[in-house]
């Protein structure tokens, strides 16, 4: 078990829970990332793909990138009585499968956090459009 997987999300702010999840997912260490999610949380990934564990996006990304990381520019926090919505906004950088480096690929991740655990995640980014351009198809 990784050190991050032993982390106790209690006492962390909702934005800190999201940042810790994203940091673990970029290692990538999906088991450590899962420590910040309520079991069975649905992750709706780009293109409407649904996963119930951080292993899903990690596996999907392995088919799209040699490696990918997030430059987290900011967290927008929208608290409510029962839950908090946290947006992580920034850009992706890394290498495509062919080894071509990239940067500046916009992303927005939307998290719903309840009781110190992520209970829903939605992911959007510009990767598909960039892949279309690489293939000679203008998006």
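With both partners inside the chain, how many of the DSSP beta bridges are antiparallel, as a percent to the nearest 5? Each step should come with its number before you reach the end.
Working: 35 of 39 bridges.
Roughly 90 percent of the beta bridges in the chain run antiparallel, per DSSP.
Helix content alone sets the calculated 222 nm mean residue ellipticity of the chain: runs of n ≥ 4 DSSP H residues at -39500 (n - 2.57) each, divided across all residues, give -6500 deg cm²/dmol. Normalising the average separation of contacting C-alpha pairs (under 8 angstrom, six or more residues apart) by the number of residues puts the relative contact order of the chain at 22 percent.
For residue 129 and residue 89, the difference between the fully extended length at 0.36 nm per residue and the C-alpha to C-alpha distance is 12.6 nm.
Pairs of Cα atoms nearer than 8 Å and 6+ residues apart set the relative contact order; for the stretch 49-128 it is 22 percent.
Cα centroids of the stretch 14-38 and the stretch 62-101: 12 Å apart. Nearest 10 degrees, 0 to 90: what angle lies between the long axis of helix 14-26 and the longest principal axis of the chain (Cα atoms)? Taking Cα atoms only, the helix is inclined about 40 degrees. Projected onto their three principal axes, the Cα atoms of the stretch 4-134 cover extents of 45, 26, 23 Å, largest first. Full extension of the chain between residue 80 and residue 27 gives 16.0 nm of extra length, using 0.36 nm per residue less the Cα-Cα distance.
Every number in this text was worked out from the coordinates using simple rules, so none of it is lab data. On a predicted model such as this, the values are computed, not experimentally measured, just so you know.
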